[in-house]
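Presented below is the structure to which this report refers.
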Amino acid sequence: MSSSLGLASGTVRVVPYDPEWPRLFDAEALRLREALAPLAIVLEHTGSTSVPGLAAKPVLDMLAGVPSDAPIEPYIAALVAAGYVHRGEQGVPGREFFRRGDPRSYHIHLTRIGSAFWYEHIIFRDYLRTHADARDDYARLKRALADRFPTDRGAYIDGKASFIRGVIARGKAPQPGGPPSERRS
């Protein structure tokens with residue numbers, strides 16, 4: 001694990017973007033694909049660490065997509081065997097949440113490819129990657145919330161909700177040149 005990752009439980013800390021984060025995603029995605037073989041899975045780097053130039057909590061978020069007809073239990077078992085702690089849905093229907101590291105360094109959001117959860121995470125990431133003004137506004141908001149709520153993750157998350165919903169709505173709106181990107185990270 002990189003020293004650029006790691007956040008103690010119960011704390012909120014936002015750090016400058018680290019250009020090592022994409023490499024760390026690639027290495028963890030490779031490890032997970034090998035650990036989950038032969039299960040079909042699509043791994044996307046999401047969350048703030050996936051947006052170049054964006055300040056972030058030093059935890060790498062991964063969106064793990066499973067086929068719509070696949071049973072979820074083998075994926076849960078394989079991720080636990082790969083060192084992740086399964087935390088259940090945690091109030092988000094259709095998403096199984098996992099974390100790894102002490103302090104926590106990796107999060108996995110396991111969901112169905114094509115679900116609303118899946119697309120909204122891709123839309124949010126891609127919008128911030130292509131709109132520097134929104135990325136910078138989000139960074140300012142995150143820093144202000146982290147300063148205000150350094151030990152209240154719930155308040156930090158709640159404080160971002162309206163901004164996130166707005167970005168997703170803008171990202172879903174028809175764009176010149178076609179639909180939101182479906183690029184793989």
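Just so it is clear, none of the values below were taken in a lab; they were calculated from the coordinates. A quick note: this is a predicted structure, and the numbers were derived from the prediction, not measured. Heads up, the Cβs are rebuilt from the backbone with ideal geometry, glycines too, and the neighbour counts pull from every protein chain shown.
Applying the condition of being exposed (fewer than 12 other Cβ atoms within 10 Å of the Cβ) and in contact (Cβ under 8 Å) with a residue 12 or more places away in the chain to the stretch 66-88 and asking which residue is farthest from LEU36 (Cα to Cα) yields SER68. Within the stretch 89-113, restricting attention to residues that are under 23 Å from ASP26 (Cβ atoms), among the charged types (D, E, K, R) and more than 13 Å from the chain's Cα centre (by Cα), the residue that is surrounded by the fewest Cβ atoms within 10 Å (Cβ to Cβ) is ASP102. Selection over the stretch 130-148 of residues that are in contact (Cβ under 8 Å) with a residue 60 or more places away in the chain and crowded, with 17+ Cβ neighbours inside 10 Å gives a count of 6.
Selection of the stretch 13-31 for residues being under 21 Å from TYR84 (Cα atoms) and either touching a residue at least 60 places away in the same chain (Cβ under 8 Å) or part of a loop (DSSP other than H, G, I, E, B) (or both) yields PRO22, PHE25, GLU28. Of the residues contained in the stretch 116-123, none is found to be surrounded by 13 or more Cβ atoms within 10 Å (Cβ to Cβ), free of Cβ contacts under 8 Å to residues at least 40 places away in the same chain and over 22 Å from GLY65 (Cβ atoms). ALA29 meets the conditions (1) within 14 Å of the chain's Cα centre (by Cα); (2) surrounded by fewer than 15 Cβ atoms within 10 Å (Cβ to Cβ) in every case but one. The failed one is (2). Out of all the residues in the stretch 1-26, which are hydroxyl-bearing (Ser, Thr, Tyr), surrounded by fewer than 14 Cβ atoms within 10 Å (Cβ to Cβ) and closer than 19 Å to ILE157 by Cβ? Residue satisfying the conditions is SER9 alone. Could you please find all residues in the stretch 32-65 being among the charged types (D, E, K, R) and either over 30 Å from PRO150 (Cα atoms) or surrounded by fewer than 20 Cβ atoms within 10 Å (Cβ to Cβ) (or both)? If the condition is that a residue be among the charged types (D, E, K, R) and either over 30 Å from PRO150 (Cα atoms) or surrounded by fewer than 20 Cβ atoms within 10 Å (Cβ to Cβ) (or both), then ARG33, GLU34 are the ones that fit.
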